[in-house]
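The values are calculated or read from the model by the stated rules, or taken from the named source; none is laboratory data. In this text the structure is predicted, and so the values were computed from the model without any measurement. Counting neighbours? That spans all protein chains shown, and the Cβs are built from the backbone with ideal geometry, glycine included.
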Amino acid sequence: MINVVLKDGSKLELEDGSRVIDAAVKISEGLARASVAAEVNGETAELTATLSDGDTLNILTFTSEEGARIFRHTTAHILAQAVKRLYPQTKLAIGPAIDDGFYYDFDTDVSFTQDVLEKIEEEMKKIVKEKLPVERFTLPRDEAIKFMQEKEEPYKVQLIEELPEGEEISFYRQGEFTDLCAGLHLDTTGKVKSFKLTQVAGAYWKGNEKNKMLQRIYGTSFPDKKMLTEYLERMEEAKKRDHNKLGRELEYFTTSDLIGQGLPILLPKGAKVIQLMQRFVEDEEAKRGWQLTKTPYMAKSDLYKLSGHWDHYKDGMFVMGDEETDKEVFALRPMTCPFQYQAYLNRGRSYRDLPLRYDETSTLFRNEASGEMHGLIRVRQFTISEGHLMCRPDQLEEEFKSCLELAIYMLKTLGLLEDVSYRFSQWDPSDREKYIGTEEQWDEAQGTMQKILDHLGIDYKIGIGEAAFYGPKLDIQIKNVFGKEDTLITIQVDQMLAEKFGMVYTDKDGTKKNPYIIHRTSIGCYERTLALLIEKYAGAFPLWLAPEQVRVMPIIDKQGDYCADLVNKLKAKGFRVELDDRNEKIGYRIREAQMEKIPYMVVIGDKETESGHVNVRNRKGESQDMSAEEFIAMLTEEVETKKR
RNA sequence: GCCAAUGUGGCUCAGGGGUAGAGCAAUUCACUCGUAAUGAAUAGGCCGUGGGUUCGAUUCCCACCAUUGGCUCCA
């Protein structure tokens, strides 16, 4: 039996054999809610309890997400305190805990260079040593504003002014330092054990680019040194998998200053993987009733004006010509939608024609801002497995489901399914600039989509203001090696563009109706997907995607003919094979093939030429003797099942 | 676009106001070799680009280009 004893003597009682992992308390409206994580009979359980005002619980360990955030958040306050001690003129903005760490935004003339960061870290260590008690107190709104005005913290004053009327305004005080904060915090700065300031970055106040740019210090914090070391080691490991580094080292892609930013060159290996994915996608989609189109890479501005893209994204397009002086202005396409709509508009459509599924391996051009480009993840020219599906309202759910199933099938095949999360991207009714259509239309589209998602049992998070300008989206999100999230796949429901483009079908009763359009991708942008695969597999692609599947090497040159025969045999079966008969020791050549992450190496010496067998070495370093036929059967099986 | 860091042979990096250095890779030669590096020799650089300061710049300053990490953006 374990009891958590509260200050007033009341107890949280847990079952026999249980162990408290973590506990935290949050106080609002005079009531405290305690969250306790405990191990009950070997299972981790969480429970919450409502306590009386004045109760406290100590955080016991760091294992729960909430406990970890409290550590990080307290460290953020210590950072702010240290900065204020060293540079009292600095104005404080905000300093939350984030995944893996925390940050604090400052407005100051001091430039946070590496030297300055080290000085700040020293001061933080002092604050930890001082073991300052952390105390919470509240003030009425007027007094809270006055309090922060006296401290000459204009950002804090603004934050308080923006809090809803009647909200309790809480502060946390540690030593001479007090910060506006909703909590929670450790009860003393002395509990922070191990932290590191990791980087400095610029960040706009309130995330608005029209506001002043502040300096943001990022850091991370753990209750003991071992966890910090482990975290830093993990980051080092992640760096090695970074597609932008590994992809260049393994010669999947490169860039050229002469060609320009965001315009990667896919080298033979990268191009091969993309080709393999592309063929797989086109074949699979054909099986599922999609028809391939090939539409132009550019169009007159008229097309984009009609679709609304000209109004919303002109700055992000590569426009050729000048509207003032030229009769016709063209722009490279930043999306495929209106092009495929023109295919739909080729003739009159009946309700019997629907659903109509158009797919395309579509190259797009977007003039991303110079600071946005990143490896193969954000580029100016990319190729996407695009598709638009026109259907009747009664078909929408079934078709949406099939699009989602297709995407999931692709993710599963690539081995990325377990790494993704779902986001239901909705519009922001307060930002009418960004969206076309009426509130009723949005309510209807989102309502329909929500019904579909709930019906399909998709576990999603809602993203307000993340919708496309013409409709809501289901985004399939994936994190890169550093934990940064990007959209890999998106499926959108659109009932507005059909109307704009005059797309109709004749229904049973003879009336003309606008179809629903599903915009979707099945595997995403090939460049981005390649990047994530490089990181997922650390360059060691599954056999069906490996640019080079087998490398054959004779031990000495007298086995050359035997090797050439084997290479031809494998090539005839469609395998991607290379011969390495360089005058180097076998160990040297194996080392190179290993570092290039070639799935199979075949070593041929006298033993093999005599037995007529092959010696097959895999990436794990295990080697095995077998006949050429057995080897081919093994490869065939592995490719066909797309084994990972 | 904004804040910051970086840019030295194909790659990874050292150096630093007096026209450059290592390891790997490359080339040549020798070695014919059994599962992650055989040895020797040779060649390779307008120190990202353009301007300025200076007797002299790769080094200092400015601008631009590119890369990296953030911010904003992401149809």
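Overview of results
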item: Residue match in segment A:400-421 (condition: in contact with a Lys or Arg (Cβ under 6 Å, 6 or more places away or on another chain), in contact (Cβ under 8 Å) with a residue 12 or more places away in the chain and in a loop (DSSP other than H, G, I, E, B)); result: yes
item: Which numbered condition A:Gln342 misses (of (1) in a helix (DSSP H, G or I); (2) farther than 18 Å from A:Met496 by Cβ); result: (2)
item: Inter-residue pairs, beta-carbon under 8 Å, first within 16 Å of RNA strand B (Cβ to nearest atom) and in segment A:443-472, second of a type in the set (D, E, K, R) and assigned to a helix (DSSP H, G or I), 6+ apart; result: A:Gly465/A:Lys434; A:Phe469/A:Lys434
item: Lone qualifier among A:Phe253, A:Phe195 - being of a type in the set (A, V, I, L, M, F, W, C) and closer than 20 Å to A:Gly483 by Cβ; result: A:Phe195
item: Residue count for segment A:241-264, restricted to those that are more than 7 Å from RNA strand B (Cβ to nearest atom) and surrounded by fewer than 13 Cβ atoms within 10 Å (Cβ to Cβ); result: 3
item: The one condition in (1) in contact with a strand residue (DSSP E or B) (Cβ under 9 Å, 6 or more places away or on another chain); (2) under 28 Å from A:Thr529 (Cα atoms); (3) at pLDDT 95 or above; (4) assigned by TED's automatic domain parsing to the domain that holds A:Tyr409 that A:Arg349 fails to fulfil; result: (2)
item: Looking only at segment A:568-613, and only at residues there that are buried (at least 19 other Cβ atoms within 10 Å of the Cβ) and assigned to a helix (DSSP H, G or I), the one that is farthest from RNA strand B (Cβ to nearest atom); result: A:Leu570
item: Odd one out for A:Leu364, checked against (1) without any contact (Cβ under 8 Å) to a residue 40 or more places away in the chain; (2) assigned to a strand (DSSP E or B); (3) more than 22 Å from A:Thr529 (Cβ to Cβ); result: (3)
item: Selection status of A:Glu143, over 30 Å from A:Arg234 (Cβ atoms) and surrounded by fewer than 18 Cβ atoms within 10 Å (Cβ to Cβ); result: yes
item: Out of A:Glu398, A:Glu372, sole residue that is out of contact with any Asp or Glu (no Cβ under 8 Å at 6 or more places or on another chain), under 22 Å from A:Val319 (Cα atoms) and among the charged types (D, E, K, R); result: A:Glu372
item: Lone qualifier among A:Asp115, A:Asp105, A:Asp100, A:Asp109 - being within 17 Å of A:Trp205 (Cα to Cα) and either of a type in the set (S, T, N, Q) or modelled with pLDDT under 90 (or both); result: A:Asp109
item: Matching strands (runs of 3 or more DSSP E) fully within segment A:127-236 where at least 2 residues are within 16 Å of RNA strand B (Cβ to nearest atom); result: A:194-204, A:213-222
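Here is a yes/no grid of residues against (1) out of contact with any helix residue (DSSP H, G or I) (no Cβ under 8 Å at 6 or more places or on another chain); (2) crowded, with 23+ Cβ neighbours inside 10 Å; (3) touching a residue at least 60 places away in the same chain (Cβ under 8 Å):
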| site | (1), (2), (3) |
| --- | --- |
| A:Gln495 | no, no, no |
| A:Lys500 | no, no, yes |
| A:Tyr505 | no, no, yes |
| A:Asp509 | yes, no, no |
| A:Asn514 | no, no, no |
| A:Ser522 | no, yes, yes |
| A:Pro554 | no, yes, no |
